[in-house]
Amino acid sequence: MNNVLIIIPAYNEAENIERVVDNLTGNYPQYDYVIINDGSSDSTRKICARRGYNMMDLPVNVGLSGAIKSGMRYANYYGYDYVVQLDGDGQHDPRYIEAMLAEMEDSGCDIVIGSRFRTKRKPLTARMFGSILITGAIRLTTGKHIGDVTSGMRLFNKKMIKQFGYDMHYSPEPDTLAFLLNSGVKIREVQVEMSERIAGTSYLTLWSSAWYMMRIMFSILLFQWVRKRPDTGR
């Protein structure tokens, strides 16, 4: 069995999922994958079933955190050493996985983020304003810099697979990254290029984006300090 599992959270990605999975199976057969169909209301499940894709079919929509947790438990059950999270909209290029694995091996870190801003400056646009604020909040509370705080392209080692799979407070959000940094977890970034979504619709609206920002900033600046710290084994 391959020791790397790619988990693909998918909510209403009927227009993208075939392109994403066919690219993986055709060009990166060295990696295993599983689609986490997060209670999609479109034909995502039917497409995956018809094409014979490896899929976990969640009966209801549990959100990104729940989908990631399901994928991590799948990886732990089958004994994978590494998990790579890729979005189901096709924005993440699997060709960078090799570089992410090399960074984890060389640095001994626990998480590697596929970052758009590791070696490139973050653009000063309205779209990036929230990301800039979150990066600043993480630096303020941890003393560490994470350039691409919202990247959904991440590599996790075996220890993180178990913690993200079975600790109810872990989520794939920037506040968890801040919490982990303050708990001694080592996080690195590797420069990647990402594509724009070419089909389907993002779940983020103006209102949901504003609410997301307020919630994440509150958690980074205040709530993370009352969370129970994990045993990092270091």
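Readers should treat all values here as calculations from the given coordinates under stated rules, not as data from a laboratory. Note that the structure is a prediction, hence the values are computed from the model and not measured.
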Starting from the amide H of Gln191, placed 1.01 Å from N in the peptide plane, find each other amide H under 5 Å away whose residue is 5 or more places distant or on another chain.
Ser115
Restricting to Cα pairs below 8 Å that are 6+ residues apart, what does the relative contact order work out to for the chain? Please round to a whole percent.
23
For the stretch 104-110, just list the computed ³J(HN,Hα) in residue order, Karplus coefficients 6.51, -1.76 and 1.60, θ = phi - 60°, integers in Hz, with x standing in for Gly and Pro.
5, 5, 6, 8, x, 7, 9
In 5 Å bins starting at zero, report the fraction of Cα pairs in the chain per bin as a rounded %.
1, 6, 14, 18, 21, 18, 13, 6, 2, 0
Over 30 Å between Cα atoms, which of Lys46/Lys120; Lys46/Lys69; Lys46/Lys158; Lys122/Lys162 qualify?
Lys46/Lys120; Lys46/Lys158; Lys122/Lys162
Residues whose built amide H sits under 5 Å from the amide H of Asp87, excluding neighbours closer than 5 in sequence, are His92
May I ask for log10 I(q)/I(0) of the stretch 1-66 at q = 0.18, 0.20 Å⁻¹, from a Debye sum over the Cα atoms as equal point scatterers with solvent left out?
-0.62, -0.75
In sequence order, what are the phi-derived ³J(HN,Hα) couplings for the stretch 150-158 according to the Karplus relation 6.51 cos²θ - 1.76 cosθ + 1.60 with θ = phi - 60°, rounded to whole Hz, with x for glycine and proline?
9, 4, x, 9, 9, 10, 10, 8, 5
So how far, in whole Å, is the C-alpha centre of the stretch 85-114 from the one of the stretch 129-172?
14
